[in-house]
Amino acid sequence: MSIDERYPSRRRLLTTAAALVTAPVVLPLATHVHAAAAKLGPRQPRHWRYRIGAFEMTVISDSEAFIDGPYPIIGANGTEAEVKTLMRDNLLPEARYQPGFSPTVINTGRDLVLFDTGNGENGFVPRPAGGWLASELAPAGLRAEDITVVVLSHGHPDHVGGLMEGGKPLFPNARYAIGATEYDFWAPEGKHTGEIEKLAAVFRANTRSISDRFTFLKAGDDVVPGIRAVEASGHTPGHLNFLIESEGRAIYFWGDCAHHQVASLARPDWHCVFDIDKEQGATTRKRVYEMLATERLPVIGYHMPFPSIGYVERQGTAYRWLAHTYQLNL
């Protein structure tokens, strides 16, 4: 066989292709046309389960809402152009984002501990877009009446909104734990005005009927064995983080030490509109990120993209969120 027979010339290939294009196309006559299947619509998981030592951890999605931002929610002390450039550089939309709202339940073997309660009936993201915790407990294999401790990292509506359902405590058999400084900031009548009072009113509405069941924490206190409060003020006056340890393994719950997986970490100095003390909030973020990058601890970040678990990597003078893949599945 000649080389011309084994490797057809470009002219022969083009001639053959042209003949195929001009040849009549004969197809079987179709009598009925059917779609392969009905479209099902988008679907994201709403709970995810993993282990830290002997502790079984279940994270539940309280919302999948998109909101405007991250500017000026984050970066109001910078410029809108800076924030949008950072989004473009990270292949993210410039003016819309999807924060996580991720309450977490920890089964320690003795207690069933819930961290934060989502938006509920009167949080930042109204139903049906948010407030899913109550309806998503059962699909996750959990019952509200089995929760023994509810921990509140701070008093904002998207963390305390799920305490009540239909005017009654959603977790009827639980005790409640919050920083003493945090409770004293939000609970008193007549203390605040304006926007802060609007937030305080939501806090009071959701805690008034259970106020006698609160345990008040300070940094260093144990909620239950293996779960210890860590000072993290700035976002709110008594904002707490928590170190969770079991059988030599650990994970860190940072509450609202970040509101966006890129902007908050790349520029911890950028203010968050929800921080009550914006400079202290920035100082706390830097300290927490530096500790986590050094210790290489996994993190539960309430507002990180669901399932809101990852790591912090130092990147020059900034930091980067590394979403969990399979590290905690081992």
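Tabulated data
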item	result
Any hit, segment 213-232, residues being of a type in the set (G, A, S), under 24 Å from L297 (Cβ atoms), within 21 Å of the chain's Cα centre (by Cα) and assigned to a loop (DSSP other than H, G, I, E, B)	yes
All positions within segment 40-70 that are in a loop (DSSP other than H, G, I, E, B), in contact with a Phe, Trp or Tyr (Cβ under 9 Å, 6 or more places away or on another chain) and either of a type in the set (V, I, T) or free of Cβ contacts under 8 Å to residues at least 60 places away in the same chain (or both)	F66
Test result for I251, among the aliphatic types (A, V, I, L, M), modelled with pLDDT of 95 or more and more than 25 Å from G75 (Cβ to Cβ)	yes
Test: residue in segment 50-66 that is of a type in the set (K, R), at pLDDT 95 or above and touching a strand residue (DSSP E or B) at 6+ places or on another chain (Cβ under 6 Å)	no
Condition check for D221: touching a Ser or Thr at 6+ places or on another chain (Cβ under 9 Å), surrounded by fewer than 18 Cβ atoms within 10 Å (Cβ to Cβ) and of a type outside the set (S, T, N, Q)	yes
Condition broken by E231, with the remaining ones in (1) under 30 Å from R320 (Cα atoms); (2) buried (at least 18 other Cβ atoms within 10 Å of the Cβ) satisfied	(2)
The listed residue being surrounded by fewer than 16 Cβ atoms within 10 Å (Cβ to Cβ) and aromatic (F, W, Y), out of F253, F216	F216
Hey, L86 aliphatic (A, V, I, L, M) and either in a loop (DSSP other than H, G, I, E, B) or within 15 Å of the chain's Cα centre (by Cα) (or both) or not	no
Residues that are of a type outside the set (K, R) and either without any contact (Cβ under 8 Å) to a residue 12 or more places away in the chain or surrounded by fewer than 15 Cβ atoms within 10 Å (Cβ to Cβ) (or both), drawn from segment 71-96	N77, T79, E80, A81, E82, T85, D89, N90, L91, P93, E94, A95
Residue in segment 194-203 that is of a type outside the set (S, T, N, Q), in contact with a helix residue (DSSP H, G or I) (Cβ under 7 Å, 6 or more places away or on another chain) and in contact (Cβ under 8 Å) with a residue 60 or more places away in the chain present	yes
Matching residues, segment 135-155, being among the β-branched types (V, I, T) and within 17 Å of the chain's Cα centre (by Cα)	V151
Residues satisfying the stated conditions in segment 233-251, i.e. part of a strand (DSSP E or B) and under 17 Å from the mean Cα position of the chain (by Cα)	L240, N241, F242, I251
Single match in R249, R213, R208, R228 (criterion: in contact with a Gly (Cβ under 6 Å, 6 or more places away or on another chain) and among the basic types (K, R))	R249
Filtered residues of segment 275-305 (kept if aromatic (F, W, Y) and touching a Ser or Thr at 6+ places or on another chain (Cβ under 6 Å))	Y302
Some residue of segment 131-141 being under 26 Å from V230 (Cβ atoms), polar (S, T, N, Q) and modelled with pLDDT of 95 or more	no
Condition broken by S308, with the remaining ones in (1) hydroxyl-bearing (S, T, Y); (2) crowded, with 23+ Cβ neighbours inside 10 Å; (3) touching a strand residue (DSSP E or B) at 6+ places or on another chain (Cβ under 7 Å); (4) at negative phi satisfied	(4)
Filter result for A258 (part of a loop (DSSP other than H, G, I, E, B) and either without any contact (Cβ under 8 Å) to a residue 60 or more places away in the chain or not β-branched (V, I, T) (or both))	yes
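For (1) closer than 21 Å to L142 by Cα; (2) free of Cβ contacts under 8 Å to residues at least 40 places away in the same chain, each residue gets a yes or a no:
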position: F171; (1), (2): yes, no
position: A177; (1), (2): yes, no
position: T181; (1), (2): no, no
position: P188; (1), (2): no, yes
position: H192; (1), (2): no, yes
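The values are calculated or read from the model by the stated rules, or taken from the named source; none is laboratory data. Since this is a predicted model, take the numbers as computed values, not measurements. Neighbour counts run over all protein chains shown; Cβ positions are idealised from the backbone, glycine included.
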